[in-house]
Amino acid sequence: MQISLYPSLSNTPDLLEVVDKNNTPLCVMGKEDVLRQGLHHRAVGLLVRDRLGRALLTHRPGLGWGLSSFGRLPAGQSSERKAQQLFFDDWGHDGRILPLGLSPPGPESFNAFVELYEGRMPVSLASTAVRDPDLHMLVDYDELRGMGTHFGELLSPFLRTVLQAGLMRPR
């Protein structure tokens, strides 16, 4: 039997859980209010890799090259389920995801505790996903580290933070 802590929230993805500095839920508020006030909340970052270990990066205007997918965690939803949803909705792949770790809130994550996940897809699917080189690119770990070291301004602040924290390791 499945019991939901938020039975009335299933149709309201605009609501986020506000959390304290220890990632303990405090209340539920509208997404706009949480972001406008800069309150701590939860988000999910997904790094898609192909079977060769290359990371699929997405370019976000004004931020630079970042994780494959990123989404705020609606109130009442698990981070793993959100990561699987991002994997399917953004990349059309329904596969296993693996946890990479938790990034603490900061200005680069818009005050969100970001649970990081990795999803794997076949090389052919990852190559197909890079239809527009202005929006997506495949890089191996050494290339990514080199970009972070020599051309850090090309990477999003959050991706630089994740790299420096060692949450993205070579596979």
Exercise. For segment 132-153, state whether one or more residues are touching a Gly at 6+ places or on another chain (Cβ under 8 Å), of a type outside the set (A, V, I, L, M, F, W, C), under 18 Å from residue 62 (Cβ atoms) and open to solvent by 60 Å² or more (accessible area, probe 1.4 Å).
Key: yes
Quiz item: Within segment 112-131, restricting attention to residues that are surrounded by fewer than 18 Cβ atoms within 10 Å (Cβ to Cβ) and among the aliphatic types (A, V, I, L, M), which residue is farthest from residue 60 (Cα to Cα)?
Solution: 123
Quiz item: Between a first residue in segment 86-99 that is within 15 Å of residue 51 (Cα to Cα) and a second residue that is acidic (Asp, Glu) and outside any helix (DSSP H, G or I), which pairs have beta carbons less than 9 Å apart while being 6 or more apart in sequence or on different chains?
Solution: 97/118; 98/118
Exercise. Determine the pairs where a residue that is under 21 Å from residue 76 (Cα atoms) and touching a residue at least 60 places away in the same chain (Cβ under 8 Å), located within segment 37-51, has a partner that is assigned to a helix (DSSP H, G or I) and open to solvent by 10 Å² or more (accessible area, probe 1.4 Å) with Cβ atoms under 6 Å apart, the partner being 6 or more residues away or on another chain.
Key: 44/79; 44/82; 46/86
Quiz prompt | Conditions (1) in a helix (DSSP H, G or I); (2) closer than 28 Å to residue 14 by Cα; (3) free of Cβ contacts under 8 Å to residues at least 60 places away in the same chain: number failed by residue 158 | solution = (3)
Practice problem: Assess whether residue 108 counts as being open to solvent by 50 Å² or more (accessible area, probe 1.4 Å), farther than 22 Å from residue 43 by Cβ and not in a strand (DSSP E or B). | Solution: no
Quiz item: Considering only residues of segment 15-45 that are among the charged types (D, E, K, R) and in a strand (DSSP E or B), which is most open to solvent (accessible area, probe 1.4 Å)?
Solution: 42
Quiz prompt | Residue tally, condition out of contact with any His (no Cβ under 8 Å at 6 or more places or on another chain) and either part of a helix (DSSP H, G or I) or closer than 30 Å to residue 23 by Cα (or both), over segment 113-141 | solution = 12
Quiz item: Which residue out of 128, 149 is over 26 Å from residue 80 (Cβ atoms) and of a type in the set (Val, Ile, Thr)?
Solution: 149
Quiz prompt | Of the criteria (1) open to solvent by 80 Å² or more (accessible area, probe 1.4 Å); (2) at pLDDT 95 or above; (3) of a type in the set (Ser, Thr, Tyr), which one residue 79 fails | solution = (1)
Quiz item: Of all residues in segment 104-118, how many are at pLDDT below 95 and either hydrophobic (A, V, I, L, M, F, W, C) or in contact with a Ser or Thr (Cβ under 8 Å, 6 or more places away or on another chain) (or both)?
Solution: 4
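The values are calculated or read from the model by the stated rules, or taken from the named source; none is laboratory data. Only a predicted model underlies this, so the values are computations on that prediction, with no experimental measurement involved. Glycine gets a Cβ as well: all are built from the backbone with ideal geometry, and neighbour counts include every protein chain shown. For the accessible areas, the whole protein counts, side chains as well, though only heavy atoms, and no ligand, DNA or RNA atoms are used. Shrake-Rupley method; radii C 1.70, N 1.55, O 1.52, S 1.80 Å.
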